[in-house]
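One structure is given below, encoded as structure tokens.
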Amino acid sequence: MRKGFKVTLWKPIIFFAKGQHTTNHGLGKWLGYIDKWILFPLILRLRLLKSKYRKHTYFHVCDHSNSPYLAVLPQKRSGITCHDVLAIRGALGYEDAYCPASKTGIYLQKWILNNLIKAKRIACVSQLTLNQLTELADDGIDSYKKWKVVYNSFNAHFHPMTAAQRTSIFQQYGLEDSNYILHVGSSLPRKNRKILADMIVHLGEKWKGKICYAGQPIDIALQIHIDKLGIADRVVPVVKPSHEVLVALYSGCTAFIFPSFSEGFGWPVIEAQACGAPVVASVIEPMPEVAGGAALHVDPENPAEFTAALLMFLQDPQAKKEYIRKGFQNCRRFEQSLLINQFLALYDLETND
């Protein structure tokens with residue numbers, strides 16, 4: 001209602017999959033597919049029979065993986081957000097996506113793509129995502145289509161937490177303020193978490209801090225690598241941190257390390273910047289696009305380059321301070337008010353401001 005428009009959220013109803021422990025695999029997965037791909041489209045068709053949805057209501061699908069719903073919605077008044085095309089490209093054989101697909105997944109991703117490229121309006125969360133999607137559309141973007149870059153906005157309040165506020169949190173995990181490097185994310189291979197462990201080895205006696213892995217648990221392969229390097233006592237996992245803990249971790253780290261091989265946007269980069277953390281990130285797009293010149297970018301295959309970047313922050317406090325300042329400035333590009341205005345422009349709607 002902020003701009004005078006009423007927004008209603010529609011989502012699939014859990015019916016056939018009700019009572020299932022998980023819908024990620026096994027029987028629950030297939031029952032979930034029935035709810036999502038058969039039952040919900042029928043519900044949408046019934047809802048759209050109501051007169052109030054026939055003219056002045058606009059529809060936006062919040063994630064590209066749900067693009068088949070576009071076939072049910074009125075094309076001229078509908079659009080979709082494309083967060084990435086990693087799974088689609090992975091299913092089509094692009095190894096740089098780092099998203100291999102199963103046989104079933106290949107068919108699913110092709111179905112998603114075929115519906116996605118028919119959309120009249122698409123909000124892509126980065127220029128890279130828009131470029132990759134355009135490449136996948138055989139005939140390019142038709143003149144009547146509006147495919148635009150609409151950056152994600154912050155979905156929570158990220159801010160610098162004072163040292164006093166984060167002390168008790170650090171005590172819980174055995175961390176010391178400004179004496180650890182931080183990674184936030186999953187254990188997927190494309191996240192490249194292994195390189196943080198390699199950095200510790202390259203640093204040798206130059207830095208004796210710890211590694212904090214926040215997000216998903218450390219996977220078996222990474223744990224074996226950590227044990228082999230003999231640095232298990234310097235690794236601190238923080239599994240599924242609360243928002244308060246996450247803000248504390250961003251605010252107190254020596255540097256935030258984001259060495260991904262493949263991303264659609266890269267939320268943690270701007271979250272870290274908003275909390276005043278200096279950022280060292282992969283040179284692969286969209287990390288430079290999202291960081292906006294406010295991070296050091298190096299080769300994600302080369303731990304020595306990440307080590308050198310970290311040492312620069314450690315040895316040049318003035319340069320570190322300048323990158324933090326530029327990080328705060330960059331975060332202004334992702335304010336929610338900008339996203340709202342860009343979405344309204346995507347639908348050619350005027351605000352009541």
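The values are calculated or read from the model by the stated rules, or taken from the named source; none is laboratory data. Remember, it's a predicted structure, so these values are computed and weren't measured experimentally. All Cβ positions, glycine included, derive from the backbone under ideal geometry; neighbour counts span all protein chains shown. Accessible surface is based on the protein model in full, side chains and every heavy atom, while ligands, DNA and RNA are left aside. Shrake-Rupley method; radii C 1.70, N 1.55, O 1.52, S 1.80 Å.
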The set of residues whose placed amide H lies less than 5 Å from the amide H of ILE80, leaving out same-chain residues fewer than 5 positions away, is VAL61, ARG121, ILE122, ALA123
So for the pair GLU322, SER337, with labels modelled 7 Å out along Cα→Cβ, what separation do we get in nm? 3.0 nm
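Using only alpha carbon pairs under 8 Å that are at least six residues apart, calculate the relative contact order of region 12-129 and give it in whole percent.
Worked out over region 12-129, it gives 21 percent.
Tell me, in nm to one decimal, what length is gained between ALA304 and GLU350 on full extension, where the rule is 0.36 nm per residue of separation less the Cα-Cα distance?
11.5 nm
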Taking the Cα-to-Cβ direction at GLU135 and at SER178 and moving 7 Å from each Cα, how far apart do the two end points lie in nm? 4.2 nm
Pick from THR254, THR167, THR23: which is most flexible by mean-square fluctuation in a GNM of the chain where alpha carbon atoms under 10 Å apart are linked? THR23
Going Cα to Cα from LYS228, which lysines come in below 16 Å? Please leave out same-chain ones fewer than 8 positions away. LYS194
Simple spin-label estimate for ASP142/LYS228, 7 Å along Cα→Cβ, in nm, reads 5.2 nm
If the chain between ILE13 and LYS118 were fully stretched, how many nm would it gain, using 0.36 nm times the residue separation less the Cα-Cα distance? 35.2 nm
Specify whether the C-alpha gyration tensor of region 15-164 places it in the rounded, prolate or oblate class, a ≥ b ≥ c being the square roots of the eigenvalues: rounded for a/c under 1.5, otherwise prolate if a/b is larger than b/c and oblate if not. rounded
5 Å binning of all Cα-Cα separations within region 29-72, expressed as whole percents from 0 upward: 5, 18, 26, 26, 14, 6, 3, 0
Stretch ASN24-ILE43 to full length: gain in nm at 0.36 nm per residue minus the Cα-Cα span? 4.5 nm
Rounded to whole angstrom, the alpha-carbon centroid of region 223-295 lies from that of region 1-52 at a distance of 34 Å
At a 1.4 Å probe, what is the % contribution of carbon and sulfur to the accessible area of the chain? 55 percent
What percent of all Cα-Cα pairs in the chain falls in each 10 Å bin, counting up from 0? 5, 21, 29, 25, 15, 5, 0, 0
List every residue whose amide H lies under 5 Å from the amide H of VAL236, counting only residues 5 or more places away in sequence or on a different chain, with H placed 1.01 Å from N in the peptide plane. ILE211, CYS212, TYR213
Cα to Cα, under 22 Å, and not fewer than 8 places away if on the same chain: which lysines meet these conditions relative to LYS55? LYS3, LYS6, LYS11, LYS76, LYS118, LYS120, LYS145, LYS146
Given +1 on the Cβ of Lys and Arg, -1 on the Cβ of Asp and Glu, and no further charges, what dipole in debye does region 25-101 carry about its Cα centre, rounded to the nearest 20? 820 debye
Taking region 308-350, which trypsin sites (Lys or Arg not before Pro) meet the DSSP loop condition and have no more than 12 other C-beta atoms within 10 Å? none
Hey, what's the chain come to in accessible area per residue, 1.4 Å probe, Å²? 51 Å²
SASA check, VAL290, accessible area w/ 1.4 Å probe, all protein chains in place, rounded to nearest 10 Å², comes out at 0 Å²
Most fluctuating residue of ALA156, ALA274, ALA137 in a GNM of the chain with Cα springs under 10 Å: which is it? ALA156
